Amino acid sequence: MSKETGNTGVTAERAADDRAARAVTAAEAVLAERFPRAIFAIVAGSILRGEGTETSDIDLVVLHEALPAAWRESFHFDGFPIEAFVHDFETLNWFADQDMAGGCPVLPHMLAGGVAIGPEPARAEALQAEARRRLEQGPAPLTPEMRDGLRYQITDLVDDLRDARPAAEVRAIAAELMRPLADLMLRSRGHWSGRGKWLPRLIDRADAVLAERFDTALRRAGAGEAADLIRLAEDELAPHGGPLFAGDRRTAPPGARRSGLLAE
């Protein structure tokens, strides 16, 4: 590495550290001004990890002793976009449980990897330790219902890809297929899943070779060539009973009805 390149790397790292420090300072001001009754908050997001871009926001999990209901709100403060997730302990537990049951623990990841601020840091750190412990346990195994739901979604979309279609339609189907296929890849291997930009990152952490194959198949599908993505989906379905269409059945809940005409 040249001296010039090295200096550039150091400068970029220092800039990321400075931005992370400014983000924490901004979050402390937000906590004091907007949530003065909060007992603590956890500051999270890509900025805190040194991975932020110019448009990255601050995730702020704000804890109160008791609230009528949890809420989320978005706003700008000191040049940062901020998403605040406002909870008491009971609402936090409910949302964390929902995330984990779905195999995509967004809120627990915020807690585990963030920076604690506010009046009661010991309670914040205890909560973070509990979040880390639960994440380290990994997700529960896929239930037969969840597994078959993914099989059905993937099968239906792959069948659409088998037909001759315009490239724009292939891209649209591939974009929809990405999430259930990634969920099956990760969950069947005992890993937590994610959403959006996190999916390729999580697959790469789990299996770099699989991640490269996934990325290549999606890029070729983006050009209208679906064969690689179809083969990848077939390979991922095979250990779980293969494609599923005939025999799939889902019953609506008893309350799923309303009298009158459709337009009423």
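The values are calculated or read from the model by the stated rules, or taken from the named source; none is laboratory data. Predicted, not measured: the structure shown is a model, and the values here were computed from it. With ideal geometry, Cβ positions are generated from the backbone for all residues, glycine too; neighbour counts draw on all protein chains shown. For the accessible areas, the whole protein counts, side chains as well, though only heavy atoms, and no ligand, DNA or RNA atoms are used. Shrake-Rupley method; radii C 1.70, N 1.55, O 1.52, S 1.80 Å.
Quick notes on this one:
- Condition check for Gln128: buried (at least 18 other Cβ atoms within 10 Å of the Cβ), among the polar types (S, T, N, Q) and closer than 20 Å to Ile42 by Cβ: yes
- Qualifying residue in the range 74-89 (condition: in a helix (DSSP H, G or I) and either within 20 Å of Ile117 (Cα to Cα) or touching a Phe, Trp or Tyr at 6+ places or on another chain (Cβ under 6 Å) (or both)): yes
- If only residues of the range 203-232 that are within 21 Å of the chain's Cα centre (by Cα) and open to solvent by less than 30 Å² (accessible area, probe 1.4 Å) are counted, the one that is nearest to Ala101 (Cα to Cα) is Ile203.
- Taking residues in the range 100-127 that are closer than 29 Å to Ile203 by Cα, and partners anywhere that are hydroxyl-bearing (Ser, Thr, Tyr) and buried (at least 19 other Cβ atoms within 10 Å of the Cβ), the pairs with Cβ atoms closer than 8 Å and at least 6 places apart or on different chains are Gly103/Ser193; Cys104/Ser193.
- Residue selected from the range 99-113 under the condition over 16 Å from Leu60 (Cα atoms) and out of contact with any Lys or Arg (no Cβ under 8 Å at 6 or more places or on another chain), by the criterion surrounded by the most Cβ atoms within 10 Å (Cβ to Cβ): Asp99
- You will find that of Ala66, Ala96, Ala116, the residue that is hydrophobic (A, V, I, L, M, F, W, C), surrounded by fewer than 16 Cβ atoms within 10 Å (Cβ to Cβ) and at pLDDT 95 or above is Ala66 and no other.
- Screening Pro121 with (1) at pLDDT 95 or above; (2) open to solvent by 40 Å² or more (accessible area, probe 1.4 Å); (3) within 20 Å of Leu60 (Cβ to Cβ) gives one miss only, at (1).
- Within the range 145-196, the set of residues being closer than 23 Å to Arg134 by Cβ, loosely packed, with under 15 Cβ neighbours inside 10 Å and without any contact (Cβ under 8 Å) to a residue 40 or more places away in the chain comprises Glu145, Arg189, Gly196.
- Some residue of the range 131-144 being among the acidic types (Asp, Glu), open to solvent by less than 80 Å² (accessible area, probe 1.4 Å) and modelled with pLDDT of 95 or more: no
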